[in-house]
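Rule-based calculations on the coordinates, nothing more; no lab input. This is a predicted model, so every value here is computed, not measured. So basically every Cβ, Gly included, is an ideal-geometry build from the backbone, and we count neighbours across all protein chains shown.
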Amino acid sequence: MRTNYRLDKVFRNAFPVPFDDKSRYVFFSDVHRGDDSVSDEFGRNRHIYDHALDYYFDNRFTYVEVGDGDELWENAHYHHIPLAHASTFERLRKFYNAGRMYMLFGNHNMQLKSEHYVKRHLYSTYDDFQDKYRELFPGIHVHEALVMKHRDTGQEIFVVHGHQGDFTNDYLWRFSCFFVRTFWRILHYIMGFKYAASPAKSRLKRHKVEKMYNKWIAKHKIMLICGHTHRAKLPQIGELPYLNTGCCMHPRGITCLELESGKISLVHWRVSTREDGLMYIRRKVVQGPVPISAFHSSHEDREGLSEEF
């Protein structure tokens, strides 16, 4: 009930994004960019991620960050993150300046829900090396969700991080943030404990999240793209259209979803080795492409969202 309530409300207030079969979108989630310290789990994959960003920019994709792009539970000072990953943020700025970037907040960067916080930290950032402020994403709006609507067919795709309705990560996110920043970061940084704040570390937790989201999809017959669980998912034709980007923290690479020519694919980027021993970064389509039209329901078939909050 709690998840249905939250998703209904977020869907109704989602930012509208039109698209068609000529559109190209790439969806990343749970990048968890940190301060490049021992506790920064993004660090191991940053070169893979940067290479992937170059590929998608050069091929004219629009970048969609589906929440938890920055790790703000462990890091109290935002400016440490773009300073630590300057090359990554330069690439993101290219997408933003080209008008090809949408950013959503998740539970680990819920602070971006505040317009004041966004204006203070994302419009510009302090460059310690140059000892001055410089533009980052001036005028950016960080959304909770998107509703992408096909210009010709009217098909809708709901894009949301996936923490909505997850009690500890949604309603109690401030307490969870305090715990991670005060206690867990010390264990993580000093003793090398693996990060346990993500539901991906709990099979029961992630399956519960997926189950609740599938119930919402079954009721409303709307294709949904999310992250949060760190568990990549691309359904087969005939299955409920629950799609998950995966994450950029996995020790074996990063995953994302590509939407191109009206088809969607699950893609894995990782370091590979040639026969001569040369290492390179490989893009591999692990599932798909699947036509999104296979998940389309007409308005006559859909049940309306509940007006009762």
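Determine the gain in length on full extension of the stretch Arg283-Arg252; use 0.36 nm per residue of separation and subtract their C-alpha separation, reporting nm with one decimal.
Answer, rounded to one decimal: 9.9 nm.
Using the structure shown, select from Lys9/Lys233; Lys119/Lys219; Lys94/Lys215; Lys9/Lys208; Lys119/Lys215; Lys94/Lys219 the pairs with a Cα to Cα distance greater than 29 angstrom. Could the numbers behind the result be given before it?
Details: Lys9/Lys233 24 Å; Lys119/Lys219 37 Å; Lys94/Lys215 38 Å; Lys9/Lys208 20 Å; Lys119/Lys215 36 Å; Lys94/Lys219 39 Å.
Over 29 Å apart, Cα to Cα: Lys119/Lys219; Lys94/Lys215; Lys119/Lys215; Lys94/Lys219.
Compute the distance in nm between two label points, each set 7 Å from the Cα along the Cα-to-Cβ direction, one at Arg24 and one at Arg120.
3.9
Label the stretch 2-295 by shape, choosing from rounded, prolate and oblate, from the square roots a ≥ b ≥ c of the eigenvalues of the Cα gyration tensor; if a/c is under 1.5 it is rounded, and otherwise prolate applies when a/b is larger than b/c, oblate when it is not.
Numbers: a/c = 1.32, a/b = 1.19, b/c = 1.11.
Rounded is the answer for the stretch 2-295, as its axis ratio a/c remains below 1.5.
Run the numbers for Gln130 and Lys9: contour at 0.36 nm per residue of separation, minus the present Cα-Cα distance, in nm.
Values: separation 121, 0.36 × 121 = 43.56 nm, distance 4.38 nm.
Separation in residues times 0.36 nm, less the Cα-Cα distance, equals 39.2 nm.
Can you give me the distance in nm between label points at Ser293 and Asp58, each placed 7 Å from the Cα along the Cα-to-Cβ direction?
The answer from the label model is 3.2 nm.
Starting from the 7 Å offset along Cα-to-Cβ, what nm value, one decimal, do you get for the label separation of Asn214 and Lys113?
Each label point lies 7 Å from its Cα, and together they span 2.8 nm.
Would you mind getting me the FRET efficiency between Arg274 and Arg2? Use the beta-carbon distance for r and R0 = 51 Å, nearest 0.05. Walk me through the numbers before you get to the answer.
Details: r = 50 Å, r/R0 = 0.99.
Given R0 = 51 Å and the Cβ-Cβ separation, E is 0.50.
Before anything else, pin down the relative contact order of the stretch 2-295: Cα pairs under 8 Å, at least 6 apart, normalised by residue count, whole percent. List each step's numbers first, then the result.
Numbers: 607 pairs, mean separation 65.9, N = 294.
Value for the stretch 2-295: 22 percent.
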